[in-house]
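The values are calculated or read from the model by the stated rules, or taken from the named source; none is laboratory data. Small disclaimer: the values here were computed from a predicted structure and weren't measured. A quick note on method: Cβ atoms are made from the backbone with ideal geometry, for glycine too, and the neighbour counts reach across all protein chains shown. The accessibility values were calculated without ligands, DNA or RNA, using every heavy atom of the protein model including side chains. Shrake-Rupley method; radii C 1.70, N 1.55, O 1.52, S 1.80 Å.
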Amino acid sequence: MTAERTQGDVLRMTVPAEPDNSVEMLIRTPSGESRTAIVDPYDGSVIGTIPEGGVMQIVRKIHSLQYFGFWASCLVEIAAGWAIVLALSGIFLWWPRGKSGGALTVRGTPKIRMFWRDLHAVTGLFTSSLIVFLAVTGMPWSQVWGKYVQDWTTAAGLGQPAPPPGVVPDWQLGQKKSGGHVHDSGKQSQANLPWAFEQFAPPESAALAKDPIDADQAIAILDALGLKKSFSLALPSGPTGAYTAASRPPRAEDTRVIYLDQYSGKVLGDTGFSQYGPAAKAIEWGIAVHQGQEYGPVNRYVMLAGCLGIIVLTISAPVMWWKRRPKGSFGMPPATASRRAAMGVLAVMAIAGMLYPLVGLSIMAVLIVERLYELTRRRLAWQGRVTQ
C-alpha cells in the first residue's frame with residue numbers, strides 16, 4: 001500500500017500493542033462506504049486503505065454465508081444442528097454390541113466397502129466430540145437460535161453483566177439493539193465487543209458546557225486503568241455518546257470493556273469476565289475455544305483435527321454409499337431390525353429438533369418428503385398391478 005489521502009469520519013480505531021505498529025481505523029467515507037484505514041501512529045498519515053475488516057472479514061462472512069442473505073445463513077444453523085444429530089446417532093449406531101471388527105480399526109483396502117465403512121466409523125468415533133463441540137459453540141452466531149438465546153439469557157440475567165448505574169438495557173424497554181453476532185461487524189460505531197455486550201445499552205455521557213476529550217486523552221486514561229493492548233476504541237456517537245473500549249485477548253477470561261464519559265473522561269463502566277452471567281461465561285469460553293484462541297497452538301491443532309475429521313467423514317460416506325448401491329437404485333439401507341437402535345436415533349433427532357427450531361423444521365420436512373415418496377411409490381405399484 002502507498003500513502004494516500006482519505007476523507008471520512010472515524011468510527012472506531014484499534015490501538016496496537018506495540019507503539020511502532022500501525023493503527024487501524026474504521027472510517028465512513030462521504031459516499032457512505034466503510035473502509036479500514038491503516039494509519040502511521042507518529043504523523044497520522046494514512047498508509048493505505050482496505051475494505052472494511054480486510055481479508056479476515058471476508059472469510060468470516062463466507063464462513064457464515066452472510067454474503068448470500070438471511071436464508072442462506074440459516075443453512076449454517078441447520079447444518080450445525082444436523083452435524084450434532086449425525087455425530088450422536090452415528091456413535092449410537094457404531095456401538096459394537098459384542099462385535100470387535102471395525103470398532104477401533106480399519107479393515108481391508110480402499111477397493112472394498114468395508115474399508116470405507118470402518119474408516120467412517122473410526123473417524124467418527126474419535127472426532128465426534130470435536131464435531132459436536134464445534135457445532136454447539138458455533139450456534140451462538142446463528143440467525144435464529146443464537147438470537148433467541150441471546151435475548152433470553154439477557155432477559156433472564158444469565159448473559160450480560162449488570163449495567164452501570166443509571167443505565168437501562170434496551171430489552172427492558174421492549175427494544176432490540178441493532179447489530180449482529182460475533183461474526184458480524186455489528187454497528188459500525190461500536191467497539192469489537194464480546195458476545196455478552198452485543199445487546200448491552202451503553203451508558204451516556206453527561207452533556208457538559210465544555211469541549212470533549214480527544215482520542216489521545218481517552219487512550220491515556222485507558223492506559224492508566226491498565227486496559228490491555230491491543231484494544232478497540234469506538235468514538236462517541238452524538239453529544240451524549242461515550243467512548244467504548246474493548247480488550248479481547250486470546251483467553252476469554254481476560255476480556256474487559258470500559259466506558260468513558262466523552263467530556264470528563266470519567267469511567268462509566270468497567271466490566272471483566274468475572275462479572276458475566278453464567279451463560280455468557282460459557283458461551284464466551286466456547287467461542288474462544290471454537291476460534292482456536294483459548295489454549296494457544298494446541299487449541300488450534302485440536303480444532304483442526306475436528307475439521308479434518310469432518311472432511312474424512314464427508315468423503316467416506318458417499319464412497320461407502322456408492323460401493324453398496326445396487327444398479328438402478330438409490331441404495332437406501334433397510335430399516336434396522338433393532339428397535340432399541342431405532343428408538344435411540346429417533347430420541348437424538350427429537351431432542352435436537354426441540355433444542356434447535358430450524359433443525360426440527362428440517363427434520364419434519366424430511367419426514368414429510370419421505371412419506372410422500374413412499375405413498376407415491378405404493379400408488380404407482382398399485383396402478384401397475386391394476387393395469388396388468
(request) Could you work out the equivalent-ellipsoid semi-axes for the range 1-151, taking the square root of 5 times each eigenvalue of the Cα gyration tensor, largest first, in whole Å? (result) 49, 19, 14
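Find the accessible area per residue for the range 1-156; the probe is 1.4 Å, ligands and nucleic acids are left out, and the unit is Å².
Working: 8810 Å² over 156 residues.
Per residue, the range 1-156 has 56 Å² of solvent-accessible surface.
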(message) Largest first, please: the extent of the C-alpha atoms of the range 187-300 along each principal axis, to the nearest Å.
(response) 52, 25, 24
(message) How far apart, in nanometres, would the label points at LEU346 and GLN275 be if each is projected 7 angstrom from Cα along the Cα-to-Cβ direction?
(response) 5.1
(message) On the principal axes of its Cα set, how long, how wide and how thick is the range 50-97? Give whole Å, largest value first.
(response) 58, 21, 8
(request) Could you work out how far apart the two model spin labels at TYR373 and LYS229 are, taking each label as a point 7 Å from the Cα in the direction of the beta carbon, and quote it in nm? (result) 6.0
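Compute the normalised compactness of the range 46-126: alpha-carbon radius of gyration over 2.2 N^0.38 Å, N being the residue count.
Working: Rg = 20.6 Å, N = 81, 2.2 N^0.38 = 11.7 Å.
Dividing the Cα Rg of the range 46-126 by 2.2 N^0.38 Å gives 1.76.
Within the range 1-99, what whole-number % of the accessible surface is contributed by carbon and sulfur, with the 1.4 Å probe and all protein chains included in the calculation?
Percent of accessible area from carbon and sulfur atoms in the range 1-99: 62.
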(request) May I ask you to give the solvent-accessible area per residue for the range 229-388, in square angstrom, as obtained with a 1.4 angstrom probe? (result) 60
(request) May I ask you to order 57-63, 354-360, 22-28 by the average number of other C-beta atoms within 10 Å around their residues, highest value first? (result) 22-28, 354-360, 57-63
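Using the Kirkwood radius over Cα pairs, work out the Stokes-Einstein diffusion coefficient for the range 258-330 at 4 °C and 1.567 mPa s, in µm²/s as a whole number.
On the way: Rh = 16.9 Å.
Diffusion coefficient, whole number: 77 µm²/s.
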(request) Just order 230-242, 210-222, 371-383 by mean Cβ neighbour count inside 10 Å, highest at the front, would you? (result) 230-242, 210-222, 371-383
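Evaluate the relative contact order of the range 1-98 (contact order divided by residue number), counting alpha-carbon pairs under 8 angstrom at least 6 apart; express in whole percent. Don't jump to the answer; show the numbers that get you there.
Values: 116 pairs, mean separation 17.5, N = 98.
Over the range 1-98, the number comes to 18 percent.
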(request) Keeping every protein chain in place, order PHE126, PHE273 by accessible area at 1.4 Å, biggest value first, i.e. largest first. (result) PHE126, PHE273
(request) Sort out for me the Cα centre separation of the range 14-30 from the range 231-252, rounded to whole Å. (result) 13
(message) So for the range 221-333, averaging the separation of alpha carbon pairs under 8 Å that are six or more residues apart and normalising by length, what relative contact order in percent results?
(response) 14
